[in-house]
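**Student:** Supplied in structure tokens, the structure appears directly below.
The values are calculated or read from the model by the stated rules, or taken from the named source; none is laboratory data. Quantities reported herein were computed from a predicted structural model and do not represent experimental measurements. We place every Cβ from the backbone using ideal geometry, glycine too, and count neighbours over all the protein chains shown. Ligands, DNA and RNA are stripped out before the accessible areas are found, and what is left, the full protein with its side chains, is counted by its heavy atoms. Shrake-Rupley method; radii C 1.70, N 1.55, O 1.52, S 1.80 Å.
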Amino acid sequence: MIPMEALQECVGEKLPLDERGGRMSVEVDLLLQEAKESIEAAQNYRSELQQRLNGLNQARKQVRGSSGQAREALRRHFTELQAAAGRLLTERLATLLAEVDAIEADSVKPLDDCQSLIEHGVSQADELLKEGEAALRCGLGEKEDKLGSFTKKAMHIHLDSLPEVPALVDVPCVSAQLDDSLLGVLRDRVSRLGSVSAHPPVQIDELQERPGSVLARWCKVDEDFAAADYRLQYRRSGSGGGQFEDAYIGRDCEFLVLHLDPHTDYQFRVCARGEGRTEWSPWSIPQTGYTTLAPHEWCPGTEGYILSSRKNIALRSDSSQARYPILYSKAPTYFCGQTLTFKISAAGQVDRRDSVGVCVDSRKGAESLQRDQAVCISTNGAVFVNGKEMTNQLPAVTVGSAVTFDMEVVNLFPVSNNNLSEGGNFKLRVTIGSGNREVVFDWLVDQAVDCLFFGCSFVHSGWKVLVF
């Protein structure tokens, strides 16, 4: 064993034992830390690989499962088609054979009648011949009587009258005409019957949560597919979700699915129908979406308004019962960055104070939303900001109109990031859309806000508005 002194001489400067021990402890700690980091990295690596294996298993399950379903669908369709085609051919054959039987029966009957008449004449002629021959062979005493009787009978039979037998050209000659081109047409149609694709022509592209709803967007993945219409369906996820139900059929590539329960998973799928076709394409792979945002609701109990069961539709009732006809939302549920939509489904008498819009608070006592700390659009299309009318104007609001509000925050002065309620002037960039037009402006509010109330004010009854 080499002495410690000799080892120190080999490495150079001689170090105290406690210093050497401290350095070795640091090195051991570093090695332990590196080992721990390597173990953690290996665990994460293994976890990531395991997730990818699970993804591969799901992909393989989807390929094999969908392939099995496609085979079953093809076999079932062609089996049903073969059976239906066999029934149609059998029915057509029976119809044609019945027509042949009818022609034969109608044509043979007069021939049989003619044959019976001729056979009757032949029988009479045979009897007459026998009687004539017997008259010739009898004796002279009886000959005169028998010849007289024979002559009278011959005159009665009218031996010079013969029945007419139809010529062959006048008798039906039954034949069957068969169109050999049917096989060619059938071969051509069968060769184009059905198709197999690795991917559906359309897929769900995005599911965006909205208050009490989900905005579904989809896109084509097959550029050669010319879509005429799209069909969106949804259902609640889980074993009790039930069957998919239609949410939208039309040409748009997005749709807002309303009346969804928050914090509940829903499955969405879409298909398309090609130009000039009647059948729908295969369904897209179902995608799961949900919303965590509570649905927009009008405030219940407001005098002069009747609400639907979901509280998202308000009907202005008897106008004489409410002096201040403003209906606010139940809570400040509109957040900047979202799109708020008012849909007018019925209209009453127009008043210049009629408005729909967004406000910082739900103060009582105002006659209209055309007030401070609010932005709104009146039913004649005028836009009001903090009670002042803008020069820009939108189309008048009528039955079927949809008015949208979009807002984003622009700070004028610094505000605490931890608490928006600490104050400071705020500027909101507002976009109001109605019809095919929109106006964009900045709205200055006297306090920092991250959520807003919405409201409507109608002086006269009959107005009905849906908010989402």
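**Student:** With +1 assigned to the C-beta of every Lys and Arg and -1 to the C-beta of every Asp and Glu, and no other charges, what is the dipole magnitude of the chain about the Cα centre in debye, to the nearest 20?
**Tutor:** I would put it at about 1620 debye.
**Student:** In addition: Counting other Cβ atoms within 10 Å of each Cβ, which GluC sites (Glu not before Pro) in region 140-227 have at most 14 and sit in a DSSP loop?
**Tutor:** Glu164, Glu223
**Student:** Also: Counting only protein chains, not ligands or nucleic acids, how are Thr302, Thr288, Thr391 ordered by accessible area (probe 1.4 Å), most first?
**Tutor:** Thr391, Thr288, Thr302
**Student:** Continuing with the same structure: At 1.4 Å probe size, with the rest of the protein present, what percent of the exposed accessible area of the chain is carbon and sulfur atoms?
**Tutor:** Its accessible area is 53 percent carbon and sulfur atoms.
**Student:** A further question on this structure: Between Val214 and residues 5 or more places away or on another chain, which pairs have amide H atoms under 5 Å apart, with H built 1.01 Å from N, and which residues are they?
**Tutor:** Long-range HN contacts for Val214: Val257.
**Student:** Can I ask one more? By how many nm would the segment from Lys427 to Glu279 grow when fully extended, if each residue of separation counts as 0.36 nm and the alpha-carbon distance is taken off?
**Tutor:** Numbers: separation 148, 0.36 × 148 = 53.28 nm, distance 5.18 nm.
Gain on stretching Lys427 to Glu279: 48.1 nm.
**Student:** Ok, one more. May I ask which residue of Ala228, Ser281, Ala247 lies farthest towards the positive end of the charge dipole of region 219-295, with charges of +1 (Lys, Arg) and -1 (Asp, Glu) on Cβ and the Cα centre as origin?
**Tutor:** The one lying farthest along the dipole's positive direction is Ala247.
**Student:** Ok, one more. Filter the cross-link list Lys109/Lys152; Lys330/Lys364; Lys330/Lys464; Lys427/Lys464 down to pairs whose alpha-carbon distance in this structure exceeds 22 Å.
**Tutor:** Lys109/Lys152; Lys427/Lys464, as the Cα separations exceed 22 Å there.
**Student:** Label-point separation (nm) for Asn386 and Gln124, each offset 7 Å from Cα along Cα-to-Cβ?
**Tutor:** So the label points at Asn386 and Gln124 sit 12.6 nm apart.
**Student:** Also, I was wondering about something else. Nearest 20 debye, what's the magnitude of the dipole of region 49-101 about its Cα centre given +1 on Lys and Arg Cβ and -1 on Asp and Glu Cβ?
**Tutor:** On the way: 9 positive and 5 negative charges, 159 e Å.
In total the dipole reaches around 760 debye.
**Student:** Based on Cβ point charges of +1 for Lys and Arg and -1 for Asp and Glu, what charge dipole magnitude is obtained for region 74-228 about its Cα centre, in debye rounded to the nearest 20? Provide the component values of the computation, followed by the final result.
**Tutor:** Values: 17 positive and 28 negative charges, 142 e Å.
In debye, rounded to 20, region 74-228 gives about 680.
**Student:** What residue among Leu394, Cys376, Gly433 has its Cα farthest toward the positive end of the dipole of the chain, where the charges are +1 on Lys, Arg and -1 on Asp, Glu, each on the Cβ?
**Tutor:** It is Cys376.
**Student:** Name the long-range amide H neighbours of Thr291: under 5 Å, sequence gap of 5 or more, or other chain; modelled H, no Pro or chain starts.
**Tutor:** His263, Thr264
**Student:** Once amide H atoms are placed 1.01 Å from N in the peptide plane, what residues at a sequence separation of 5 or more from Tyr305, or on another chain, have their amide H within under 5 Å of its amide H?
**Tutor:** The answer is Ser317.
**Student:** Ordered by residue, what ³J(HN,Hα) values in Hz, to whole numbers, does region 390-398 give under the Karplus form 6.51 cos²θ - 1.76 cosθ + 1.60, where θ = phi - 60° and Gly and Pro are x?
**Tutor:** Ordered by residue, 3J(HN,Hα) equals 7, 6, 6, 9, 9, x, 4, 8, 9 Hz.
**Student:** Can you pull the Kirkwood radius for the chain, inverse mean 1/r over Cα pairs, to one decimal in Å?
**Tutor:** Averaging 1/r across every pair of different Cα atoms and inverting gives 33.2 Å.
**Student:** Go through region 64-123 and name the GluC sites (Glu not before Pro) that are in a DSSP coil and have 11 or fewer other Cβ atoms within 10 Å of their Cβ. Can you show the working numbers first?
**Tutor:** Working: sites: Glu72, Glu80, Glu91, Glu99, Glu104, Glu119; in loops: none.
Loop-located and lightly packed - none at all.
**Student:** On average over all directions, what projected area in square nanometres does region 36-191 have, based on the convex hull of its Cα atoms?
**Tutor:** It is 17.9 nm².
**Student:** Do any trypsin sites (Lys or Arg not before Pro) in region 251-311 lie in a DSSP loop with no more than 10 other beta carbon atoms within 10 Å, and if so, which?
**Tutor:** Here the trypsin sites (Lys or Arg not before Pro) that fit, given the DSSP loop and packing criteria, are Arg251.
**Student:** May I pose another question? Sort Thr292, Thr278 by heavy-atom solvent-accessible area, probe 1.4 angstrom, most to least.
**Tutor:** Thr278, Thr292
**Student:** Could you tell me the calculated FRET efficiency between Gln447 and Thr79, based on Cβ-Cβ distance and R0 = 45 angstrom, to the nearest 0.05? Could the numbers behind the result be given before it?
**Tutor:** Numbers: r = 71 Å, r/R0 = 1.58.
Efficiency computed from Cβ-Cβ geometry: 0.05.
**Student:** Work out the FRET efficiency for Asp106 and Ala226 from their Cβ-Cβ distance, taking R0 = 56 Å, and round it to the nearest 0.05. Each step should come with its number before you reach the end.
**Tutor:** Values: r = 55 Å, r/R0 = 0.98.
Approximately 0.50, to the nearest 0.05.
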